[in-house]
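Comments concern the structure below.
The values are calculated or read from the model by the stated rules, or taken from the named source; none is laboratory data. Since this is a predicted model, take the numbers as computed values, not measurements. No Cβ is skipped: glycine too gets one built from the backbone with ideal geometry, and neighbour counts run over all protein chains shown. Ligands, DNA and RNA are stripped out before the accessible areas are found, and what is left, the full protein with its side chains, is counted by its heavy atoms. Shrake-Rupley method; radii C 1.70, N 1.55, O 1.52, S 1.80 Å.
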Amino acid sequence: MTYNPKTNNDYRIILAIESSCDETSASIIEDGRNIKSLIISSQIKDHQKYGGVVPEVASRKHVESISYVVDSALKDANVTYDDIDAIAMTKGPGLVGALLVGVSYAKALAFAHNIPMVAVHHINGHISSNYLTHKELEPPYLSLVVSGGHTLLVDCTNYGQYKILGTTRDDAAGEAFDKGARILGYPYPGGKLIDEVAKTGDSAKIRFPRARLKGNQLDFSYSGVKTSLKQYIEKHDKETLAESIADIAASYQEAIVDVMVKNTMLALKATGHNKLSITGGVSANSRLREKMSIHCKENNIKLYLPELRLCCDNAAMIGSAGYYMLKDKLFARLNANAKAYESLDDG
Ligand code: KG4
Ligand code: ZN
């Protein structure tokens with residue numbers, strides 16, 4: 001048996017698989033923009049007791065759930081392998097053991113059913129999540145990607161064509177939220193909890209630092225604000241902290257969001273784009289959504305935000321990114337491999 005799939009330019013139905021971190025996900029995508037089914041099996045509960053994702057645990061959990069997740073996605077969309085025109089999987093970046101589960105499973109399916117395959121960069125996936133929510137969105141536009149592992153300002157000139165304008169020099173935005181939440185005593189991942197608690201707090205109560213960087217003004221740095229929160233907690237007694245926890249969360253969140261808004265507005269000015277797409281887990285943050293909406297309105301920028309279930313890791317976004325890669329004939333072969341690190345500019 002040889003792997004020699006038929007390729008044409010019509011990849012209407014794509015099976016997508018994502019396993020880069022702590023979510024095992026599969027999805028059926030139609031015409032690159034419509035979600036026929038989306039299954040996400042989260043491992044958060046398995047990692048919570050360790051205060052973060054344990055790579056070895058993540059790999060084992062992916063192995064346990066991958067067949068069930070993929071079968072469920074096919075069943076929910078009412079399709080069989082005969083209907084699948086291509087398979088898209090996340091090749092990286094991410095935890096290599098976790099990625100290998102999705103990559104190997106996709107390769108086995110592609111070989112067994114002789115279906116074309118495409119290997120997608122995880123951030124290309126996040127950026128593409130907005131194509132599923134906003135059918136009218138087309139490049140060029142500016143993209144802000146804010147997740148647990150990445151903080152990027154990207155000039156998106158065409159589908160899959162990216163130029164990185166700014167990135168974090170230390171912690172990613174989601175990491176800043178999660179580390180801050182841990183300092184405040186919340187379980188992993190605490191970004192969503194900070195968002196919730198901050199809703200009743202006064203964000204002007206404490207002035208946490210906004211990093212001023214030398215060099216590229218579009219870069220980010222979040223390690224300072226985290227250290228500042230730690231020092232604030234150490235300086236105050238338990239009762240005072242308990243009384244003002246909402247103000248602390250709101251002020252901390254404001255410092256993180258402020259930098260995102262400032263850099264994004266600068267990047268919009270520099271590139272001349274009038275469309276802004278925000279994606280990644282942190283794009284679910286209600287204060288970021290609110291503040292960015294205000295600034296975009298004032299500056300006549302059209303803002304695109306993903307529906308909430310598409311902010312965090314999911315296979316639907318991989319299917320959408322894969323669709324445009326297939327149109328460019330960027331097929332993967334059976335020697336495709338998982339990659340822990342890879343720049344978005346490299347593909
Ligand atoms: O995109 P994602 O699922 O994973 C990566 O590719 O890293 O993002 C997960 C990150 C976590 O750090 C999580 O705390 C953060 O997104 N997050 C939030 C919110 N919801 C998820 N951060 C702030 N506010 C939220 N509402
Ligand atoms: Zn992600």
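Of all the listed residues (K179, K135, K205, K230), the sole one being at pLDDT 95 or above, more than 15 Å from ligand 1 (Cβ to nearest atom), open to solvent by 60 Å² or more (accessible area, probe 1.4 Å) and not in a loop (DSSP other than H, G, I, E, B) is K230. Residues in the stretch 129-172 that are over 10 Å from the mean Cα position of the chain (by Cα) and within 12 Å of ligand 2 (Cβ to nearest atom): L152, A172. Just name the residue that is nearest to ligand 1 (Cβ to nearest atom) out of those in the stretch 298-347 that are without any contact (Cβ under 8 Å) to a residue 60 or more places away in the chain and touching a Leu at 6+ places or on another chain (Cβ under 8 Å). Among residues in the stretch 298-347 that are without any contact (Cβ under 8 Å) to a residue 60 or more places away in the chain and touching a Leu at 6+ places or on another chain (Cβ under 8 Å), the one nearest to ligand 1 (Cβ to nearest atom) is L303.
So that you can scan it fast, the table gives a plain yes or no per residue for (1) modelled with pLDDT of 95 or more; (2) open to solvent by 30 Å² or more (accessible area, probe 1.4 Å); (3) touching a strand residue (DSSP E or B) at 6+ places or on another chain (Cβ under 9 Å):
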{"residue": "A106", "(1), (2), (3)": "yes, no, yes"}
{"residue": "M117", "(1), (2), (3)": "yes, no, yes"}
{"residue": "V120", "(1), (2), (3)": "yes, no, yes"}
{"residue": "N124", "(1), (2), (3)": "yes, no, yes"}
{"residue": "C156", "(1), (2), (3)": "yes, no, yes"}
{"residue": "A198", "(1), (2), (3)": "yes, no, no"}
{"residue": "R212", "(1), (2), (3)": "no, yes, no"}
{"residue": "D219", "(1), (2), (3)": "yes, no, yes"}
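If we scan the stretch 15-25, do we find a residue that is under 27 Å from Y186 (Cα atoms), in contact with a Cys (Cβ under 7 Å, 6 or more places away or on another chain), crowded, with 18+ Cβ neighbours inside 10 Å and among the small types (G, A, S)? For the stretch 15-25, residues under 27 Å from Y186 (Cα atoms), in contact with a Cys (Cβ under 7 Å, 6 or more places away or on another chain), crowded, with 18+ Cβ neighbours inside 10 Å and among the small types (G, A, S): absent. For the residues V101, V53, the requirement of being open to solvent by 10 Å² or more (accessible area, probe 1.4 Å), in a loop (DSSP other than H, G, I, E, B) and either within 16 Å of ligand 2 (Cβ to nearest atom) or at pLDDT 95 or above (or both) singles out V53.
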